[in-house]
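Where a number appears in this text, it was derived from the coordinates with a stated rule and is not lab data. Note that the structure is a prediction, hence the values are computed from the model and not measured. In this analysis, Cβ positions are derived from the backbone assuming ideal geometry, glycine residues included, and neighbour counts consider all displayed protein chains.
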Amino acid sequence: MNKTTTWILAAILGLVGFSVANPARAAGKNDQAALAATAQFYAALNQMFTGDLGPMKEVWSHADDVTYMGPTGGFDKGWSQVLKNWESQAAMKLGGKVEAVDMRVTAGGDIAVVSDYEHGENTNAKGEVQKVSIRATNIFRKEDGKWKMIGHHTDLLPYLAK
């Protein structure tokens, strides 16, 4: 092995070693990506309150292993069940707005978990404004370079619980 090849190998190994030994650098980037995916989810959720489900379909993975335990109760498994639940909620046209607050992110290379509180308000079936203040956990997976939601789990809202 000549001197140039040795230096090139040493440089490559050094870079690989730095990226492996410095997970905070990668985690910071993935934390930001998870927060961006979370913002997209809450924008889609608020759009869904108007009856428009298009953005919600975009943020979710359409895989068989996704799960949803939302404010209506139940435990939906697989995209077809999750979609059916979102379609039902979109049909209610609850209006209002919900925002994520006090977010905590744990992100790895391909999976990210965001825990937060959801605060805001919706309208119930009687047309009365109801406050929303529940805990939520959002789980994302990187699929084809994009962070997609694979799980959304919240407390129950009594006016939505089935």
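List PHE41, PHE49, PHE75 from most exposed to least, where exposure is judged by having the fewest other Cβ atoms within 10 Å.
Details: PHE41 24, PHE49 19, PHE75 10.
Starting with the residue having the fewest Cβ neighbours, the order is PHE75, PHE49, PHE41.
So which of LYS29/LYS93; LYS29/LYS131; LYS97/LYS146 end up more than 27 Å apart, counting from Cα to Cα? Write down the numbers at each step before the final one.
Details: LYS29/LYS93 36 Å; LYS29/LYS131 34 Å; LYS97/LYS146 25 Å.
Among LYS29/LYS93; LYS29/LYS131; LYS97/LYS146, the Cα-Cα distance tops 27 Å for LYS29/LYS93; LYS29/LYS131.
For LYS97 and LYS57, the difference between the fully extended length at 0.36 nm per residue and the C-alpha to C-alpha distance is 12.6 nm.
Give me the Å³ per residue figure for the convex hull around the C-alpha atoms of the stretch 26-154. Don't skip to the end; give the middle numbers.
On the way: hull volume 11.3 nm³, N = 129.
Convex hull volume per residue, Cα atoms: 88 Å³.
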